[in-house]
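A.B. asks: Mind having a look at this structure? Questions to follow.
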Amino acid sequence: MMRLKEFTSESLGEKYFFVKHPSGLNIYLYPKKNYKSSYAILGVNYGSIDAKFKTKSKGITEVPSGIAHYLEHKLFEGEKGDAFESYAKTGASANAYTSFDKTAYLFSCSDKFQESLEVLLDFVQSPYFTEKNVEKERGIIAQEIKMYEDNPDWCVYCNLLSAMYKNHPVKLNIAGTVESITQITPEYLYECYGAFYNLNNMSLCIAGNIDTDETMATIDKNLKYSKAFDTERILPEEPLEIAKKEIIQNLDIGSPIFQLGFKENSNNYKANEKDLVCISIILKTLTSKASPMYEKLLNLGLINTSSFDCEYMETPGMSAIIFGGESNDPYRAADVIRDEIEKIHINGISEEKFNWAKKALYGENVGGLNSVSSLANSLFNASLSNREIFKYINSICEVSLDDVNSKIQNILKTELSALSIVKPQ
Amino acid sequence: MLGRQNNQICDGVNISYINISKFKISRLSFTVFVPLSRETAAVNAVLFSTLERCCRKYPDFSSFNKKLEELYGANIYSSANKIGEAQALTISAVCINDNTTFDKSKVTMAVSELLSEIIFNPCLEGEKFREEDVLQAKRQVKETIQAEHNDKKIYAKRRCEELMFQDESFGISEYGKEEDVEKITAGDVFDAWENILGTAKIEIIALGDFDYNSVHKLFSDKFSEVKRQEVQKFSGVVKEGTGKVREFEDLSDVSQCKLVLGLRTGTKDEKHLFATKLMTALFGGTPTSKLFLNVREALSLCYYCSANFDRHKGVIFVESGIEQENMTRAKEEILKQLDEIKKGNFSDEELNETKMHLSQNLEKIEDSLTAIDGWYISQVLEKKVFSPQTYASLINSITKNEVIEAANNVKLDTIYCLLKKGV
């Protein structure tokens, strides 16, 4: 039996297990007592930004954009049938998603967990692409792309990334375009599958009502060992400057929306737990409903409580901080945000704000430990970013005001910000 | 099994508690139920948006929210829903449990008190709410209504609902109409507040790890100062389909057209309700349903095509996003699949798989406080309250014939299309 490494948070009375399986697969198991349901996610360190890569045998390969997402759709179909049909027999609810740097397959259930896990492990490891089944998917994916073309939240986000990045492929749409997907063939799909779907490049994260021994036995029995993993991501050089300051699109919508993004200097750098805590605290002091900036934006009628938000995003070769929401005057909203950021660059964050922001961030993260889906997803994201979830929570308790104030100096540079607006026609 | 403790505070006001120790968070919700009407929908929505801003003890937005952040980022927010022909307005509070804080502070009780403060001790100026609070709240509700137009899936469903039920109160939005929001005064909001506290049916639900006796006493004390009058009555209308189909369309500058079908189920009794729920899932509620397998997978016409049953109103909505030229084909295929069920063209295996899917989803409710809360709120106006387990066992007892019978009672009523401009 493989030895599982235990990660614990004594103060919260929580624990999970990790093992690097001999096949190369990272396995995380988080049993939750008294829960009825379980959630499993099997993900690959591969997404839409990986349309150019290098392998030892073939050298550099370039494929049409949108292929990772197309592959995600097509994996559900196997030689013996559709994975959804197999899940129908176990009663699980299954889904999948593709992001810039990840592709993930997941299910949740309250019964027959081991059977559903077998379905998951089986179909993700059994590619079956034919001219016919690849052709069939084109219409479906084209409709998915068109659905997103009408979604202003998605448009404002994609436009912002295209304004901030000159070369990095986050500026391209995850699903590709109706045009680019016409070039996708079974051969391309097999090539990308072979390059990235390697257990050494994947993680399996499970949380909920599970027995660890039984689950490990199921996993062990159902893994097909991969060859050595030698695929390298190829990302273009990205200069620090933004591509353009502003981007505007008109859509037939009811209220204008905006995003103000700050490009961060982070080539090939991933934030560690403490960095991430500092950034989160800074963003809380800026955008919490208790913050002066939020109150100012609200009182001036520039944002509303149902949509204003901010996020830190990170994929290989880039990271950014994005503020946004619905606004009747995006330019003024952006000015207020930039002004407040200038202020904290000069004055830093006060101890009072630091204290409530720290408590709020802690509460938010304790809240995240209650749902099996958010647990498994956090483990998966942490796994691909080399972070550990309890270390992150501990860092919240340990971080000091000085840590946070010195972090401010390196982030949120006004000259690296871009504004994206989608407005009614 | 969830053990639920129930107490009546006064006529029409109920409080209940489920002690659940597996979570590190707790949740308290305060929901009022009033008949949905054009005259009151907007002002009620504005009232709740005003209440969530602050209270007399923390009289401005920032100080109130700072207090919440100090309570480990506790969250207090309002929401509006439509349950059959009732407008349900909720203020919910979520916080971490006392034993998970750094300093073992009494977060759950402090948050319960804050929730009661914003409801019973809002910032008033005589017999009016403060102008600036109402102005902000009106803007929030107006922008929520405007933003529905941003999401075409939501917008198309809303338009279908509005048009299909233009002669029934179910056609009214839970936020009211934008022009009605515009006219509301600070005095109107005060009247709505007094009226709701005095006459609405009210349900308070505490879930997690509360000192229930104290929470119970807190709200009993507050209500002892309220002059309760006769509780407003609800009359849910479930109409049978007539077989007459109405068609509506709007034009918009969109990439993808939307199709929404509204079908009446004429739900009669409990058995029929469960059979219709199961039938709808078989029809379009899972990735192996008739609609998914045929409209999406076999014909590649769309990315989504699904059916949902609103048991309170006895209506099924089928929603899809498609190319304009495929509209007719999609419509025909959707109705053909319904006919297949009417004729009994589905296997026992398909039916059992659908039952299993629904049962598992019902069982999952117990693993989320938000889901448990929503589950019980949605049943406050019902004669009988089911636990998720009982609900699942009733679905499992439905026979193939009952599903066929339920399908045969379904009648297409309204076809709504959101089409491309200039085509």
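The values are calculated or read from the model by the stated rules, or taken from the named source; none is laboratory data. On a predicted model such as this, the values are computed, not experimentally measured, just so you know. So basically every Cβ, Gly included, is an ideal-geometry build from the backbone, and we count neighbours across all protein chains shown.
Here's the yes/no breakdown for (1) small (G, A, S); (2) away from chain A (no Cβ under 14 Å):
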residue	(1), (2)
B:A137	yes, no
B:T144	no, no
B:I154	no, no
B:E168	no, yes
B:E178	no, no
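A.B. asks: Now for a separate question. Among the residues of the stretch B:306-325, is any over 22 Å from the mean Cα position of the chain (by Cα), modelled with pLDDT under 95 and of a type in the set (D, E)?
C.D. replies: Yes: one or more hits.
A.B. asks: If we scan the stretch A:310-331, do we find a residue that is part of a helix (DSSP H, G or I), in the same structural domain as A:L260 (by TED's automatic domain parsing) and under 29 Å from the mean Cα position of the chain (by Cα)? Talk me through it step by step, then tell me what you get.
C.D. replies: Within the stretch A:310-331, the subset part of a helix (DSSP H, G or I) is A:330-331.
Remaining after also requiring in the same structural domain as A:L260 (by TED's automatic domain parsing): A:330-331.
If we keep only those that are under 29 Å from the mean Cα position of the chain (by Cα) as well, we get A:330-331.
Yes.
A.B. asks: Something else now. Test B:R159 against the criterion of being under 24 Å from the mean Cα position of the chain (by Cα), away from chain A (no Cβ under 11 Å) and assigned to a helix (DSSP H, G or I), and give yes or no. Outline the logic, then answer.
C.D. replies: Values: under 24 Å from the mean Cα position of the chain (by Cα): yes; away from chain A (no Cβ under 11 Å): yes; assigned to a helix (DSSP H, G or I): yes.
Judged against the criteria, B:R159 is a match.
A.B. asks: For the stretch B:277-288, check the following and say yes or no: at least one residue is out of contact with any Lys or Arg (no Cβ under 8 Å at 6 or more places or on another chain), surrounded by 24 or more Cβ atoms within 10 Å (Cβ to Cβ), within 25 Å of B:S347 (Cα to Cα) and modelled with pLDDT under 95.
C.D. replies: Checked the stretch B:277-288: at least one residue is out of contact with any Lys or Arg (no Cβ under 8 Å at 6 or more places or on another chain), surrounded by 24 or more Cβ atoms within 10 Å (Cβ to Cβ), within 25 Å of B:S347 (Cα to Cα) and modelled with pLDDT under 95.
A.B. asks: List pairs: first in the stretch B:231-248 and under 16 Å from B:T265 (Cβ atoms), second of a type in the set (V, I, T) and surrounded by 15 or more Cβ atoms within 10 Å (Cβ to Cβ), Cβ under 7 Å, 6+ apart or cross-chain?
C.D. replies: B:V238/B:T267; B:V245/B:I415
A.B. asks: Restricted to the stretch B:355-369, and to residues that are more than 22 Å from B:N19 (Cα to Cα) and at the interface with another protein chain (Cβ under 8 Å from one of its Cβ atoms), which residue is surrounded by the most Cβ atoms within 10 Å (Cβ to Cβ)? Walk me through how you get there before you give the answer.
C.D. replies: Filtering the stretch B:355-369 down to residues more than 22 Å from B:N19 (Cα to Cα) leaves B:355-360.
Filter once more, keeping what is at the interface with another protein chain (Cβ under 8 Å from one of its Cβ atoms): B:356-357, B:359-360.
On the way: B:M356: 20, B:H357: 24, B:S359: 20, B:Q360: 22.
Among those that are more than 22 Å from B:N19 (Cα to Cα) and at the interface with another protein chain (Cβ under 8 Å from one of its Cβ atoms), it is B:H357.
A.B. asks: Specify the residue that is surrounded by the fewest Cβ atoms within 10 Å (Cβ to Cβ); the eligible residues are those in the stretch B:293-334 that are small (G, A, S), within 23 Å of B:A407 (Cα to Cα) and touching a residue at least 40 places away in the same chain (Cβ under 8 Å).
C.D. replies: Taking the stretch B:293-334 and keeping what is small (G, A, S), we get B:298, B:300, B:306-307, B:314, B:320-321, B:330.
Keeping just the survivors that are within 23 Å of B:A407 (Cα to Cα) gives B:298, B:306-307, B:314, B:320, B:330.
Next cut, touching a residue at least 40 places away in the same chain (Cβ under 8 Å) only: B:314, B:320, B:330.
Values: B:G314: 26, B:S320: 30, B:A330: 24.
Once the filter is applied, the top-ranked residue is B:A330.
A.B. asks: Give me the pairs: first residue in the stretch B:54-69 and more than 7 Å from A:A290 (Cα to Cα), second residue basic (K, R), beta-carbon distance under 6 Å, and six or more apart or on different chains, which are they?
C.D. replies: Going by the 6 Å Cβ cut-off, the qualifying pairs are B:Y58/B:K67; B:F61/B:R53.
A.B. asks: Need a quick list: helices (runs of 4 or more DSSP H) entirely within the stretch A:363-422 having at least 2 residues that are within 14 Å of chain B (Cβ to nearest Cβ) and in contact (Cβ under 8 Å) with a residue 60 or more places away in the chain.
C.D. replies: Numbers: elements: A:372-384, A:389-398, A:401-408.
So the answer is A:372-384, A:389-398.
A.B. asks: Let me ask something else about it. List the residue pairs whose Cβ atoms are under 7 Å apart, where the first residue sits in the stretch A:119-139 and is more than 10 Å from chain B (Cβ to nearest Cβ), the second is in a loop (DSSP other than H, G, I, E, B) and at pLDDT 95 or above, and the two are 6 or more positions apart or on different chains.
C.D. replies: Here the result reads A:L121/A:L223; A:F123/A:F76; A:V134/A:I184; A:V134/A:T185, each pair linking the stretch A:119-139 to a residue that is in a loop (DSSP other than H, G, I, E, B) and at pLDDT 95 or above.
A.B. asks: So in the stretch A:382-393, with the set limited to residues that are crowded, with 17+ Cβ neighbours inside 10 Å and out of contact with any Asp or Glu (no Cβ under 8 Å at 6 or more places or on another chain), which one is farthest from A:L204 (Cα to Cα)?
C.D. replies: Top of the filtered list is A:I393.
A.B. asks: Another question, if that's okay. Restricting to the stretch A:320-338, what's the tally of residues that are buried (at least 23 other Cβ atoms within 10 Å of the Cβ) and polar (S, T, N, Q)?
C.D. replies: 1
A.B. asks: Could you please find all residues in the stretch A:60-80 being of a type in the set (K, R) and within 15 Å of the chain's Cα centre (by Cα)?
C.D. replies: Restricting attention to the stretch A:60-80, the residues satisfying the condition of being of a type in the set (K, R) are A:74, A:80.
Matches in the stretch A:60-80: none.
A.B. asks: Okay, moving on. Quick one: B:E349 ticks every box in (1) in contact with a Lys or Arg (Cβ under 9 Å, 6 or more places away or on another chain); (2) among the acidic types (D, E); (3) over 30 Å from A:S37 (Cβ atoms) bar one, so which box is it?
C.D. replies: All conditions are met except number (3).
A.B. asks: Let me ask another. For B:G314, only one of the following conditions fails: (1) more than 14 Å from chain A (Cβ to nearest Cβ); (2) in contact with a strand residue (DSSP E or B) (Cβ under 6 Å, 6 or more places away or on another chain). What is its number?
C.D. replies: Only one criterion in (1) more than 14 Å from chain A (Cβ to nearest Cβ); (2) in contact with a strand residue (DSSP E or B) (Cβ under 6 Å, 6 or more places away or on another chain) is unmet by B:G314, namely (2).
Residues checked against (1) among the charged types (D, E, K, R); (2) farther than 30 Å from A:W154 by Cα; (3) modelled with pLDDT of 95 or more; (4) not assigned by TED's automatic domain parsing to the domain that holds A:D211:
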| residue | (1), (2), (3), (4) |
| --- | --- |
| A:Y30 | no, yes, yes, no |
| A:G43 | no, no, yes, no |
| A:H73 | no, no, yes, no |
| A:E115 | yes, yes, yes, no |
| A:D122 | yes, yes, yes, no |
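A.B. asks: Okay, moving on. Count, please, the residues in the stretch A:206-265 that happen to be assigned to a loop (DSSP other than H, G, I, E, B) and without any contact (Cβ under 8 Å) to a residue 60 or more places away in the chain.
C.D. replies: From the stretch A:206-265, those assigned to a loop (DSSP other than H, G, I, E, B) are A:209-211, A:223-231, A:234-245, A:252-256, A:265; that's our starting set.
Next, only the ones that are without any contact (Cβ under 8 Å) to a residue 60 or more places away in the chain stay: A:227-228.
The total comes to 2.
A.B. asks: Pull up the stretch B:230-279, narrow it to residues that are in a strand (DSSP E or B) and among the hydrophobic types (A, V, I, L, M, F, W, C), then point me to the one that is farthest from the chain's Cα centre (by Cα).
C.D. replies: Filtering the stretch B:230-279 for residues in a strand (DSSP E or B) gives B:246-252, B:257-264.
From the residues that got through so far, the ones that are among the hydrophobic types (A, V, I, L, M, F, W, C) too are B:248, B:251, B:257, B:259-261, B:263.
Working: B:F248: 25, B:L251: 28, B:C257: 26, B:L259: 22, B:V260: 19, B:L261: 20, B:L263: 19 Å.
Looking at the filtered set, the residue picked out is B:L251.
A.B. asks: Being at pLDDT 95 or above, outside any helix (DSSP H, G or I) and either surrounded by 19 or more Cβ atoms within 10 Å (Cβ to Cβ) or within 9 Å of chain A (Cβ to nearest Cβ) (or both), is that true of even one residue in the stretch B:335-351?
C.D. replies: Here is the first cut: in the stretch B:335-351, the residues at pLDDT 95 or above are B:335-351.
Then drop every residue that is not outside any helix (DSSP H, G or I), which leaves B:343-347.
This time we only want the ones that are either surrounded by 19 or more Cβ atoms within 10 Å (Cβ to Cβ) or within 9 Å of chain A (Cβ to nearest Cβ) (or both), so: B:346.
Yes, because at least one residue in the stretch B:335-351 is at pLDDT 95 or above, outside any helix (DSSP H, G or I) and either surrounded by 19 or more Cβ atoms within 10 Å (Cβ to Cβ) or within 9 Å of chain A (Cβ to nearest Cβ) (or both).
A.B. asks: Scan the stretch B:387-423 for residues that are in a strand (DSSP E or B), surrounded by fewer than 19 Cβ atoms within 10 Å (Cβ to Cβ) and within 14 Å of chain A (Cβ to nearest Cβ) and jot them down. Lay out the reasoning, then the answer.
C.D. replies: Our first condition is that a residue be in a strand (DSSP E or B); within the stretch B:387-423, this holds for B:411-420.
Restricting the remaining residues to those that are surrounded by fewer than 19 Cβ atoms within 10 Å (Cβ to Cβ) gives B:411, B:419-420.
Listed by number, the residues that qualify are B:L419, B:K420.
A.B. asks: Moving to a separate point now. So, in the stretch A:75-105, exactly how many residues are under 20 Å from A:W154 (Cβ atoms) and not charged (D, E, K, R)?
C.D. replies: Our first condition is that a residue be under 20 Å from A:W154 (Cβ atoms); within the stretch A:75-105, this holds for A:95-104.
If we keep only those that are not charged (D, E, K, R) too, we end up with A:95-100, A:103-104.
Residues that pass the stated criteria total 8.
A.B. asks: Next question, about the same structure. Being within 17 Å of A:Y294 (Cα to Cα), surrounded by fewer than 23 Cβ atoms within 10 Å (Cβ to Cβ) and more than 8 Å from chain A (Cβ to nearest Cβ) narrows it down to one of B:N75, B:N97, so name that one.
C.D. replies: Step by step, each of B:N75, B:N97 is checked, and only B:N75 is within 17 Å of A:Y294 (Cα to Cα), surrounded by fewer than 23 Cβ atoms within 10 Å (Cβ to Cβ) and more than 8 Å from chain A (Cβ to nearest Cβ).
A.B. asks: So the check is Cβ under 7 Å with 6+ separation or different chains; which pairs have a first residue in the stretch B:355-370 that's outside the structural domain of B:I18 (by TED's automatic domain parsing) and outside any helix (DSSP H, G or I) and a second one that's modelled with pLDDT of 95 or more and not hydrophobic (A, V, I, L, M, F, W, C)?
C.D. replies: Final answer for the pair search is B:S368/A:S371.
A.B. asks: Could you please let me know if A:E77 is touching a strand residue (DSSP E or B) at 6+ places or on another chain (Cβ under 8 Å), of a type outside the set (A, V, I, L, M), closer than 29 Å to A:F113 by Cβ and assigned by TED's automatic domain parsing to the domain that holds A:Y193? First the steps, then the outcome.
C.D. replies: Details: touching a strand residue (DSSP E or B) at 6+ places or on another chain (Cβ under 8 Å): no; of a type outside the set (A, V, I, L, M): yes; closer than 29 Å to A:F113 by Cβ: yes; assigned by TED's automatic domain parsing to the domain that holds A:Y193: yes.
No, not satisfied.
A.B. asks: Give the stretch A:278-304 a look and list any residue that's aliphatic (A, V, I, L, M), within 14 Å of another protein chain (Cβ to nearest Cβ) and either buried (at least 23 other Cβ atoms within 10 Å of the Cβ) or assigned to a helix (DSSP H, G or I) (or both), or say none.
C.D. replies: Residues of the stretch A:278-304 aliphatic (A, V, I, L, M): A:279, A:281-283, A:286, A:290, A:293, A:297-298, A:300, A:302-303.
Checking the rest, the ones that are also within 14 Å of another protein chain (Cβ to nearest Cβ) come to A:281, A:283, A:286, A:290, A:293, A:297-298, A:300, A:302-303.
Hits for the stretch A:278-304 are A:I281, A:L283, A:L286, A:A290, A:M293, A:L297, A:L298, A:L302, A:I303.
A.B. asks: Please find, within the stretch A:1-59, the residue that is farthest from A:T90 (Cα to Cα) out of those that are more than 24 Å from the chain's Cα centre (by Cα), of a type outside the set (D, E, K, R) and within 14 Å of chain B (Cβ to nearest Cβ).
C.D. replies: Ranking the qualifying residues of the stretch A:1-59, first place goes to A:S11.
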